[in-house]
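Just below is one structure, and these are the notes that go with it.
Only the coordinates and a few stated rules stand behind these numbers; no lab work does. Since the model is a prediction, treat every value here as computed from it, not as a measurement. Heads up, the Cβs are rebuilt from the backbone with ideal geometry, glycines too, and the neighbour counts pull from every protein chain shown.
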């Protein structure tokens, strides 16, 4: 019998420990560790634990949900990510799906349901609750349609450069972008220089103008504070 190695990532460590104890009673599952979502050593813990599945609470990440999921995917490309959270925010679900999360499970779900999802994603399956599946599929279809339209000015950017550009469009300072993306301010500066070069512009203001003209969307709740 192949064991499914599971890493629990949740800021509510007592809850994570209690759930880990219950999951440890399932013969096919092996909880290899737990870590806080906000722990700066998250990537290191994930690499050391070598999980097959990461059960991740994205609620503390807020608008940085996609960046958090993407970071874990980049750290452990072979690990499936199951969002296990108390929030039902459709925007977070869409961003998680875009970044590669295989499933979304509410914390109030039964252990039996969670166990079924954990087993499933380890075999390549996906699962989103019905109330979130519609928005997720709609946005992913629109993403696919936009991707099929060649020649967009932002097509030259990498996913991480797009993340940085989104922060710029939202009017965020470099330090805030770095904090939300879980990268250093120097890395943000490096991505910014690359963005300017690829878009053939000379300032962040010009880059923001190009992004807005290309239809780049940001969180509607973001508070603009452009200081370039």
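Some points to look at:
- Summary value for region 1-78: 36 percent relative contact order, contacts being C-alpha pairs under 8 angstrom separated by 6+ residues.
- Among 68, 205, 84, the largest mean-square fluctuation in a Gaussian network model of the chain, built with springs joining Cα atoms closer than 10 Å, belongs to 205.
- Cα long-axis angle, helix 185-199 against the chain (0 to 90 degrees, to the nearest 10): 50 degrees
- 5 Å-binned pair-distance histogram of region 57-173 (Cα, whole percent): 2, 11, 18, 22, 22, 13, 7, 4, 1, 0
- Reducing region 50-68 and region 1-42 to their Cα centroids gives an inter-centroid distance of 13 Å.
- Extension gain, residue 133 to residue 111, is 5.8 nm, computed as 0.36 nm per intervening residue step minus the present C-alpha separation.
- Mean separation of Cα pairs under 8 Å and 6 or more residues apart, divided by the residue count, gives the chain a relative contact order of 15 percent.
- Helix 159-169 vs. the chain, principal-axis angle (Cα, 0 to 90°, nearest 10): 60 degrees
- [x] 44, 38, 34; [y] 62, 40, 32; [z] 58, 34, 29, with the label sought being that of the calculated Cα extents along the principal axes in Å: [z]
- Values of log10 I(q)/I(0), in the order q = 0.17, 0.21, 0.22, 0.30 Å⁻¹, for region 159-213 under a Debye, Cα-only, solvent-free model: -0.43, -0.67, -0.73, -1.31
- Modelled spin labels at residue 190 and residue 173, positioned 7 Å past Cα toward Cβ, are 2.3 nm from each other.
- Most mobile of 76, 157, 118 in a GNM of the chain (Cα contacts under 10 Å): 157
- Alpha-carbon radius of gyration plus Dmax, which is the widest Cα pair, for region 1-56 in Å: 10.8, 34
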